[in-house]
Every structure is written in structure tokens, then in C-alpha cells.
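I'd like to ask you about the structure that follows.
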Amino acid sequence: MINDFTNVGNHPALNFLNTRLIKKDQRIELLESFTDIECWLDAFGVLPYMEDLTNLSDQDKSILVTEVLDVRSKLEEMVDHLMVGQLPNHLWVEYMNDKLRQNAGYDRLIINENKVSIVRSYSARNLVGYFADQTLRLLNDVEHSRIKKCSSTNCIMYFYDSSRNMSRRWCDVSQCGNRANASKHYHRNKGTNT
Ligand SMILES: [Zn+2]
């Protein structure tokens, strides 16, 4: 298990999409097992909203891993469409509506220290509904032109650019940004020497 979950996506759906990545030219899968999914939910503070997790059988868990990865690939398909100014097609919409219908969450009331809050919860068997909900929110609630892919050619991370002038280019300036600058610097210096 690799716990490499980051908030570079700046949106739950994009953080979920970023669970497959490229490191040293190798594609890496961060959600290989149900435990990885639990870790992801925990890392982003939503694990407490999945109910009856302990009642899942091993078979349930392996079905859920397949389902979650399936929703992730549909999310990637949607993001690829949005990046070129298109909406997903009707088959995609039918698929997502099915997932939402079969895995509906429910609002739960919490009163803590005199404060009322409502949190969307899911029965563990329907936890894929959380990822479908977040996919829908990305589609419906944000400016599509702010959804971007990292500018590094060998990076497949996506993020929601919330900067005022929409200038964000990298998933992580200290990683991809630095690498790109170092490479530009190298080529520029090489150019002046020949
Ligand atoms: Zn990157």
C-alpha cells in the first residue's frame, strides 16, 4: 500500500482521479485494494461517513474496488471531454445516473457542541455513491475552464485552478514545475554553448 494521497487536485473528484499517476515513467495505481480506498477516504476526512464498513465481506470489498475504479475511469472520460469543451455523451450520463440511483447517500444530522451540521453519509456497500456524487459536483458546480491537466508532458495529474488569474500550470510546482524549469535551463545553456 502506498499512501501518496495529496490534495493537489483541489477538488474531491480530482483528488480521486489523481490516484493513478506516473512516477519515473511508470504508471502507478494507488487504489489496489479496499484498504487503499479506506485510506483515501480517511485522508480526505470522509471515512466516518461510510457506515457499516465492518460488515463487508472480502467478496463485497473486491466488488467495491472494481466498481470504484470503474467510476474513476468514467470520471477521467468526463474530464477529458470537459477539457476540450464537450459534455459527456448520453451513455455516460445513463451509467452515472445508474450508479447514483443504486448507491444513493443520505443526509445525517450531527449536533456537536451546540452546532448543527448535516453530512452526506453512505452505507458501506454504496460507498461508490460518494465518488459518483463528487463526479457530478465537478461537472455541475465548477467552471470547466478551471479544470486543468498538469503541464508536464509525463504527468497525468489534474487539478482545479482556483487562482485569481487562472495561472496555475503544475500539479506541484516543487515537482513538475521544477523539473520543467531545470530542463528549460539545461536546453537554453546547451543552446548558447554550441
Ligand atoms: Zn505534474
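The values are calculated or read from the model by the stated rules, or taken from the named source; none is laboratory data. Treat the numbers as computed from the prediction; the structure is a model and nothing was measured. Quick reminder, even Gly has a Cβ in these numbers, built from the backbone with ideal geometry, and neighbours come from all protein chains shown.
Name the pairs whose Cβ atoms lie under 9 Å apart, with the first residue in the range 16-29 and buried (at least 16 other Cβ atoms within 10 Å of the Cβ), the second modelled with pLDDT under 90, and 6 or more positions between them or separate chains?
The qualifying pairs are 18/5; 18/6; 19/4; 19/5; 21/4.
Do you know which residues across the range 16-69 are in contact with a Phe, Trp or Tyr (Cβ under 8 Å, 6 or more places away or on another chain), part of a loop (DSSP other than H, G, I, E, B) and within 15 Å of residue 5 (Cα to Cα)? Before the answer, list the steps.
Kept after step one, since they are in contact with a Phe, Trp or Tyr (Cβ under 8 Å, 6 or more places away or on another chain), are these residues of the range 16-69: 16-19, 30-31, 39-41, 43-44, 46, 49-51, 56, 61-62, 64-65, 68.
Those left that are additionally part of a loop (DSSP other than H, G, I, E, B): 18-19, 30-31, 44, 46, 56.
Result: 18, 19, 30, 31, 44, 46.
Return the residues of the range 30-65 that are among the aliphatic types (A, V, I, L, M) and touching a residue at least 24 places away in the same chain (Cβ under 8 Å); say none if nothing qualifies. Talk me through it step by step, then tell me what you get.
Residues of the range 30-65 among the aliphatic types (A, V, I, L, M): 30-31, 37, 41, 43, 46-47, 50, 53, 56, 63-65.
Listed by number, the residues that qualify are 30, 31, 37, 41, 43, 46, 50, 53, 56, 64, 65.
Criterion first (at pLDDT 95 or above and within 26 Å of residue 118 (Cβ to Cβ)) does residue 70 satisfy it?
When the stated conditions are applied, residue 70 does not pass them.
Moving to a separate point now. Mind counting the residues in the range 144-166 that are over 15 Å from residue 12 (Cα atoms) and free of Cβ contacts under 8 Å to residues at least 24 places away in the same chain?
Summing the residues that are over 15 Å from residue 12 (Cα atoms) and free of Cβ contacts under 8 Å to residues at least 24 places away in the same chain in the range 144-166 gives 6.
Can you name the residue in the range 1-57 that is over 30 Å from residue 110 (Cβ atoms) and β-branched (Val, Ile, Thr) and, of all such residues, is modelled with the highest pLDDT?
Among those that are over 30 Å from residue 110 (Cβ atoms) and β-branched (Val, Ile, Thr), it is 28.
Looking only at residues in the range 167-177 that are free of Cβ contacts under 8 Å to residues at least 40 places away in the same chain and within 20 Å of the chain's Cα centre (by Cα), which one is nearest to the ligand (Cβ to nearest atom)?
Only one residue fits best here, namely 176.
Within the range 140-153, is even one residue of a type in the set (S, T, N, Q), surrounded by 10 or more Cβ atoms within 10 Å (Cβ to Cβ) and touching a strand residue (DSSP E or B) at 6+ places or on another chain (Cβ under 7 Å)?
no
Residues being loosely packed, with under 14 Cβ neighbours inside 10 Å and basic (Lys, Arg): count how many of those fall in the range 58-106.
Final tally of qualifying residues: 1.
Taking the condition under 13 Å from the mean Cα position of the chain (by Cα), among the charged types (D, E, K, R) and either part of a helix (DSSP H, G or I) or within 26 Å of residue 141 (Cα to Cα) (or both), does residue 76 pass?
yes
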